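Everything below concerns the one structure shown next.
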Amino acid sequence: MSIRFDGRVAIVTGAGNGLGRAHALGLAARGAKVVVNDFGGGRDGSGGSMTAAEAVVEEIRAAGGIAMADGADVSNFEQVKAMVDMTTAEWGSVDLLCANAGILRDKSFAKMELADFAKVIDVHLNGTFYCCKAVWEGMRARNYGRIVVTTSSSGMYGNFGQANYAAAKAGVIGLMNVLAAEGRKTDIRVNTISPTAATRMTEELLPPQALALLKPESITPAVLYLLSQDAPTRTIIGAGAGSFAVVKLMESEGL
Ligand code: ADP
């Protein structure tokens, strides 16, 4: 793949594991300086440590890349703002935002507690809003920005047990459509991707054969394309098998 990110500064949220980790490694391998954000909270978002993010930073540095770890909780605007301010102070800008932090609290609607709903909305929808809000003015001022958010087919079609997650992701898709529209007169491009990959989030949902095939790294080329100079203005790279078709197409085209 010929895409390079030399001179670009990226923040990848939820980058301690799974998709975020794969995207952070991919960005760093292609020259970006990467903030590896993860609050280390576990799949239900109960909180933890920055160890996972620090391990990914070590991996990037061992491969000759440039990265720093950050433990901001994306559902806390003050912490998100501090992460963006720290990045700007250290590296001058935030050019690329890959918002990938996420949790699941799947339960049937009958059993879903108010707290399960609120928590998932907080991390996915409010968290995405906070991250975009914190980088938006800087991107506008510099007339450059690329934002990619991991969403889900659940946000388009719904899914059993995911009233909270589906509502949050539907909200994220709407939010991104607005940002794409409002950014259109500047060189800011905003996209979402709805992949199916084997991560901690999906390990209980997908059959073992699928888990073996759906490596998070196979989604990364599509995300790197959406974060590149040539990114389209608004694409919903679709659910499941569809995203793999896009990856194949892009690989065959050398993107
Ligand atoms: P996926 O790769 O499918 O997004 P993972 O569970 O493997 O799923 O990765 C999601 C990451 O997001 C985890 O490492 C988790 O610690 C992180 N995360 C979850 N909630 C937050 C949050 N509020 N702030 C920052 N990171 C978070």
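Nothing in this text is a laboratory measurement; each read-out follows from the coordinates by a stated rule. These numbers were taken from a predicted model, which means no experiment stands behind them. Here Cβ is always computed from backbone atoms with ideal geometry, including for glycine, and neighbour counts include all displayed protein chains.
Taking a straight line from the alpha carbon of LYS119, these lysines sit under 24 Å away, with near neighbours fewer than eight places off in the same chain left out: LYS81, LYS107, LYS111, LYS133, LYS169. Once backbone amide H atoms are built at 1.01 Å from N, ALA69 has VAL36 as its partners under 5 Å, excluding neighbours fewer than 5 places away on the same chain. Put in order of Cβ neighbour count within 10 Å, fewest first, the listed residues TYR157, TYR165 become TYR157, TYR165. In a DSSP loop and with at most 16 other Cβ atoms within 10 Å, the trypsin sites (Lys or Arg not before Pro) in the stretch 73-160 are LYS111.
Local charge for LEU227 was computed over the other residues whose Cβ lies under 11 Å away, with Lys and Arg +1 and Asp and Glu -1, and equals +2. Residue ranges 19-29, 65-75, 84-94 sort as 19-29, 65-75, 84-94 when ordered by packing (mean number of other C-beta atoms within 10 Å per residue, highest first). For the chain, the 222 nm mean residue ellipticity estimated from helices alone, with every DSSP H stretch of n ≥ 4 adding -39500 (n - 2.57) and the total spread over all residues, rounds to -13500 deg cm²/dmol. Let me check against my output: what whole-number percent is the relative contact order of the stretch 113-184, with C-alpha pairs under 8 Å and at least 6 apart? Dividing the mean separation by the residue count of the stretch 113-184 yields 39 percent. Counted by Cβ distance under 10 Å from ARG30, the other residues give a net charge of +1, where Lys and Arg count +1 and Asp and Glu count -1. Straight-line cross-link reach from LYS215 at under 19 Å between alpha-carbon atoms covers these lysines, not counting any fewer than eight positions away in the same chain: LYS248. Using the Karplus relation 6.51 cos²θ - 1.76 cosθ + 1.60 with θ = phi - 60°, the per-residue 3J(HN,Hα) values for the stretch 54-63 come to 5, 5, 5, 4, 4, 4, 5, 5, 4, 8 Hz, with x marking Gly and Pro. Based on C-alpha pairs under 8 angstrom that are at least 6 apart in sequence, the chain has a relative contact order of 19 percent.
Just checking the listed ones, PRO207, PRO232, PRO195: in the Gaussian network model of the chain with Cα springs under 10 Å, the one fluctuating most is PRO207.
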